[in-house]
1. Name the one entry in Ile161, Ile147 that is of a type outside the set (D, E, K, R) and surrounded by fewer than 22 Cβ atoms within 10 Å (Cβ to Cβ).
2. Suppose we keep only residues that are more than 21 Å from the chain's Cα centre (by Cα) and hydrophobic (A, V, I, L, M, F, W, C) within segment 102-121. Which one would you say is surrounded by the fewest Cβ atoms within 10 Å (Cβ to Cβ)?
3. Of the conditions (1) buried (at least 21 other Cβ atoms within 10 Å of the Cβ); (2) modelled with pLDDT of 85 or more; (3) under 18 Å from Pro36 (Cα atoms), Trp132 clears all except one; give me its number.
4. Of all residues in segment 304-331, which are among the small types (Gly, Ala, Ser), buried (at least 18 other Cβ atoms within 10 Å of the Cβ) and more than 21 Å from Gly156 (Cα to Cα)?
5. Which one of these is under 14 Å from Met26 (Cα atoms) and of a type in the set (A, V, I, L, M, F, W, C): Met125, Met135?
6. Of all residues in segment 283-293 being crowded, with 23+ Cβ neighbours inside 10 Å and within 19 Å of the chain's Cα centre (by Cα), which is nearest to Ala330 (Cα to Cα)?
7. Being basic (Lys, Arg) and either buried (at least 19 other Cβ atoms within 10 Å of the Cβ) or over 17 Å from Leu353 (Cβ atoms) (or both) is the filter here; which residues of segment 43-101 pass it?
8. Identify the residue in segment 18-48 that is in contact with a Phe, Trp or Tyr (Cβ under 8 Å, 6 or more places away or on another chain) and outside any helix (DSSP H, G or I) and, among all such residues, is farthest from Gly160 (Cα to Cα).
Amino acid sequence: MSLSKEDYHFNFIVNTLDGVFFNLGMTLGSIYTFFPLFLKNLGAGNFEISLIPAITNLGWAIPGILGAKYAEKYAKKINMLLKFTWGSRVPYIILSLVVFFLAPYNPKLTIYIALLLLGIITFSMGFLGPCWMSMVEKVILYKRRGIFFALGSGIGTLMGIGGAELARYFLNRYPFPMNFGYIFLIAGIVSTFSVSFLSLTREEPDSIRKEEVSFYTYIKGMKEVLLNKNFRNYLITRILGSITPPFATFIVVFALKKFLIQEMIVAEYTAVLAVSQGLSSFLFGVLGDKYGHKLIISLGKISSITGLLLLLFGNSPTFIYLVYILLGMANSSASVGDQTLSLDLVPKDKKELFLGSLNLIVSPFAFISPLIAGKIVDFWGFEMLFSISLILSLITLCFLLRTVSDPRRKISQNA
């Protein structure tokens, strides 16, 4: 028995609410603002700060193929999600306890425990990524996927404005590191609360159970991914994006050094990032569902390029606000455009394999790039990092426009 129209509508609501509260938690635990500032105040250098995006990218990538194979055992993907999703939420609560009871006495150890917990969070998310996407493909209607991703990300990040104000209160009211302990505690509570909505998902079991194969045989099946020309070109685009040095994590440190801004301003940056990401998500969701999500990804690349130009040539701290507006647009284009386009491109009967392979193949590039970025800053400074990122972003945009075909565009043209 297939899902009814009412079931699809119900799933849209509860999964959007899950996304809203999860993204709110991720905003409070932001790897772009609060997390690097926290490590910097503990005494972390550029290498330790560069580990934040490196661990994040590796966590999203490597476990994906394991999660993809494991997900095929579950006729209902929601069962696997509820079993393992705690790994992406509870570590924030543990981190808050580490901050309260260890950070004042051993800052160096706290840095590496924080990075370890970040690894647990992102590895859990990466492991569950193909499973969650597979479930979304089943429980959210095709024509509403873009706006679904947009609402979860958009409303969650807009609620992050209130979270940013709360974070500003803690930053002003309490001394370091207690202020960050409260921020991470709230991030953990809010993201854990989102599971209550996820658990309500109505999902029909898969009609066909796939034959159990060895992990080696499963990996060999990745050649089918590489033989799919359009998906292969999209994969190359993702690789080019991954080797582009992740400049976003260094913006806060750059602004603190160049413009001598006060640390409480970081809460304002977080709020600006949240507003931009939230509002642009709604726009991108509607545009992508109508005109195709290749357009949305392209707009995100253009936003990154413009932001890099401002970082290179802006001469006032005011420009940093504009950079975070553009970064929010780039982030929402990834959360809406990349997620939806990847689902649009994968064969329905091979979605876990394709999605897991995508993450696995990109992972080496995604891991090494942030580490190189940290060394670039150490030896040549922030301007060199931004310049290299600009050149590679331009190359990525050109390759995307020339080689990747959007299936939604074909549907709209044939309609």
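1. Exactly one residue qualifies, and that residue is Ile161.
2. Leu109
3. (3) is the only condition that Trp132 fails.
4. Ser304, Gly307, listed by residue number.
5. Exactly one residue qualifies, and that residue is Met125.
6. Phe284
7. Correct list: Lys69, Lys76, Lys77, Lys83, Arg89.
8. Residue satisfying both the conditions and the ranking: Thr33.
The values are calculated or read from the model by the stated rules, or taken from the named source; none is laboratory data. Nothing here was measured: the structure is a model prediction, and the numbers come from that model. Cβ atoms come from the backbone with ideal geometry, glycine included; neighbour counts cover every protein chain shown.
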